[in-house]
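**Student:** Attaching a single structure in structure tokens format; questions to follow.
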Amino acid sequence: MGSPDFSTVTLEALRATEHEIVCVYSQPPRPAGRGKADRRTPVHLAAEAAHLPVRTPRTLKKQSEQDAFAALNVDLAIVVAYGLILPPPILNAPRLGCVNLHASLLPRWRGAAPIQRAIMAGDAVSGIQAMQMDAGLDTGDILYTEETPLTPDDTAGTLHDRLASLGANMLPTVISQLANGTATPTKQSEHGITYASKLGPEDQKIDWTRSAKDVDAQIRGLSPFPAARFDWTPPDANTPIRIKPLMSSYERGDGRPGEVLDDNLLVACGEGAVRITRLQRPGKGPMDAADFLRGTAIHRGQIFQ
Amino acid sequence: MPILQAMAILDILTVPDPRLKDVSLPVEGGVTDAHRKLMDDMLDTMYAAPGIGLAAIQVGVRLRIIVMDLMENDEKNPRFFVNPEILETIEETKPYEEGCLSVPDIFDEIERPARCKLRYLDYNGNAVEEWAEGLYAVCIQHEMDHLEGTLFIDYLSRLKRQRAVDKVKKAKRLSAAEAN
Ligand SMILES: [Zn+2]
């Protein structure tokens with residue numbers, strides 16, 4: 001069960017094992033706009049290419065969907081970034097239950113956006129865990145953990161890819177341990193629980209009065225999607241343009257929060273300064289700072305809002 | 001396979017438990033780890049029930065704390081409220097068929113303001129001010145009533161209310177008898 005790319009990597013890993021994949025569940029195709037065919041999720045497409053049966057119910061709360069799932073009579077369900085609630089009849093249907101690959105070190109970052117929240121909070125380490133699902137919000141017992149240190153170069157994108165491949169690598173072991181009864185479910189700690197609440201527009205807007213360390217973490221944590229944002233009014237224009245910074249670092253620097261301190265996108269924050277090294281303006285693709293500045297010069301003394 | 005094994009599930013008080021009539025007390029001195037632990041356990045309890053909102057008094061803790069998850073788009077996204085206040089409501093009201101984990105299996109239409117402006121502390125103790133509308137507005141007003149010792153059945157006629165309480169009492173007797 002899964003929808004974004006994370007699940008595609010997992011599906012490939014599953015196909016490489018000796019286990020039979022009975023069915024793939026994914027979110028329903030999304031309307032793609034006028035005249036276009038509905039857009040299927042990546043895992044849906046991957047499953048079809050592999051000639052696997054695919055089901056795309058809108059919800060699993062309906063008795064008929066629960067019965068249909070139970071009728072598959074599976075040993076195990078692997079759930080990755082699926083995005084639909086699994087009610088108890090679904091959780092209970094597989095002989096070995098439902099196992100979720102969760103992209104954080106639980107109980108830290110329970111919930112919807114663990115990868116982004118870990119980087120935004122400046123965590124030093126993250127990881128991927130296999131968890132025996134229960135009816136709570138990522139409260140189940142942990143079956144397997146792979147940790148990875150976070151570096152100043154990590155974005156949500158790089159961490160996502162790294163965790164997806166760590167998850168895919170550990171999955172065969174997790175499954176055989178469950179199958180032969182050698183799995184060691186471990187309770188989550190009662191301490192250090194945090195919630196990775198869904199990202200909203202208020203998470204994207206940069207507040208330049210925060211410390212450079214925080215702003216840098218926000219930029220990288222939201223990159224490439226949905227991306228942090230700020231407004232800049234070019235000296236020859238009246239209306240601001242919205243800029244999405246995609247990569248940054250932080251260093252020393254003094255100035256009014258939001259003030260550009262040199263000709264290479266060093267921006268003063270509440271404490272220290274952030275250097276933006278990759279960014280995007282409306283209607284253009286993402287660009288490295290040097291390329292961006294060749295088309296759009298932003299000089300020292302400009303103010304970002 | 002016992003799927004609920006990992007969760008911390010608390011007992012939910014049901015009518016006519018007199019504690020549900022208590023007025024809850026403000027959380028003093030900010031949100032501590034003890035409050036967070038209570039919110040974690042309340043959240044587990046709410047998901048297991050399952051419900052979309054739970055006030056601390058419903059698990060017998062007399063504090064102005066609420067957990068909620070409206071599960072919009074069939075996705076979990078919990079909210080936490082400490083010392084919530086309603087700063088403002090609009091005049092327009094809307095009816096909604098409400099239910100309550102403390103009055104199981106009883107549903108009735110209640111009319112409340114369609115939007116309200118809230119102030120509260122979140123899980124991390126940060127102050128939040130925002131407008132609630134739709135199901136969010138319904139749910140937060142229902143839960144905040146609990147903090148004053150008010151249940152949604154208190155808005156119904158005396159006869160309907162008595163019938164609801166009797167029904168819950170009877171169901172509880174039956175399930176207790178079954179358990180023995
Ligand atoms: Zn209630």
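Quick note: the coordinates plus some simple rules give every number you see, no bench work behind them. Owing to the predicted nature of the structure, the values given are computational and were not obtained by experimental measurement. Here the Cβ positions follow ideal geometry from the backbone for every residue, glycine too, while neighbour counts run over all protein chains shown.
**Student:** Angle check, please: helix A:5-15 long axis (alpha carbons) against the longest principal axis of chain A (alpha carbons), in degrees 0 to 90, nearest 10.
**Tutor:** 30 degrees
**Student:** Between B:ASP122, B:ASP17, B:ASP44, find the one with the highest GNM mean-square fluctuation for chain B; connect C-alpha pairs within less than 10 Å.
**Tutor:** Looking only at B:ASP122, B:ASP17, B:ASP44, the largest GNM fluctuation is found for B:ASP17.
**Student:** While we're here: Give the Rg/Rh ratio for the stretch B:44-170, taking Rg as the radius of gyration of the Cα atoms and Rh as the Kirkwood radius, to two decimals.
**Tutor:** Rg/Rh for the stretch B:44-170 comes to 0.95.
**Student:** Still on this structure, please answer the following. What trypsin sites (Lys or Arg not before Pro) in the stretch A:103-211 are in a loop by DSSP, with at most 12 other Cβ atoms within 10 Å of the Cβ?
**Tutor:** For trypsin sites (Lys or Arg not before Pro) across the stretch A:103-211 that sit outside H, G, I, E and B with at most 12 neighbouring Cβ atoms in 10 Å, the list reads A:LYS187.
**Student:** Right, something else. Starting from the exponent 0.38 and prefactor 2.2 Å, build the expected Rg for chain A from its residue count and divide its actual Cα Rg by it.
**Tutor:** Normalised by 2.2 N^0.38 Å, the Cα Rg of chain A equals 1.15.
**Student:** Go through the stretch B:33-96 and name the GluC sites (Glu not before Pro) that are in a DSSP coil and have 13 or fewer other Cβ atoms within 10 Å of their Cβ.
**Tutor:** Loop-located and lightly packed - B:GLU91, B:GLU92.
**Student:** Considering amide H positions built from the backbone, and no H for Pro or chain starts, which residues 5 or more places from B:LEU151, or on another chain, come under 5 Å of its amide H?
**Tutor:** The answer is none.
**Student:** Quote the relative contact order of chain B in percent (integer), defining contacts as alpha-carbon pairs under 8 Å separated by 6+ residues.
**Tutor:** 22 percent
**Student:** Among residues other than A:GLY295 whose Cβ falls under 10 Å from its Cβ, what is the net charge (Lys/Arg +1, Asp/Glu -1)?
**Tutor:** Net of charged neighbours comes to +2.
**Student:** Only residues of the stretch A:259-282 count here: report those whose backbone N is under 16 Å from the spot 7 Å along Cα→Cβ of A:ASP231, or say none.
**Tutor:** Within reach of a label on A:ASP231: A:259, A:282.
**Student:** Then there's this: Shielding of B:71-77 by partners, i.e. mean partner chain Cβ atoms within 10 Å per residue?
**Tutor:** Other-chain Cβ atoms within 10 Å of each residue's Cβ, averaged: 6.
**Student:** In percent, what relative contact order does the stretch A:201-295 have, based on Cα pairs under 8 Å that are 6 or more apart in sequence?
**Tutor:** For the stretch A:201-295, the relative contact order is 26 percent.
**Student:** Can you give the translational diffusion coefficient of the stretch A:130-276 in µm²/s, computed by Stokes-Einstein from the Kirkwood radius over Cα pairs at 25 °C and 0.890 mPa s?
**Tutor:** So the translational diffusion coefficient is about 135 µm²/s.
**Student:** What is the helix-to-structure angle for A:212-221, meaning the angle in degrees between its Cα long axis and the longest Cα principal axis of chain A, kept from 0 to 90 and rounded to the nearest 10?
**Tutor:** So the helix axis and the longest Cα principal axis differ by about 40 degrees.
**Student:** While we're on this one: Is there a pair in B:LYS94/B:LYS117; A:LYS62/A:LYS187; A:LYS205/A:LYS244; A:LYS61/B:LYS76; A:LYS187/B:LYS37; A:LYS198/B:LYS76 whose C-alpha atoms are over 19 Å apart, and which pairs would that be?
**Tutor:** A:LYS62/A:LYS187
**Student:** Here's another thing I want to ask about it. For the stretch B:76-118, what is the convex hull volume of its Cα atoms per residue in Å³?
**Tutor:** 113 Å³
**Student:** Just to confirm the number: angle between the C-alpha axis of helix A:156-180 and the first principal axis of chain A, 0 to 90 degrees, nearest 10?
**Tutor:** That works out to roughly 20 degrees.
**Student:** Once you sort the root eigenvalues of the Cα gyration tensor of the stretch A:201-295 as a ≥ b ≥ c, which label holds: rounded (a/c under 1.5), prolate (a/b larger than b/c) or oblate (the other case)?
**Tutor:** rounded
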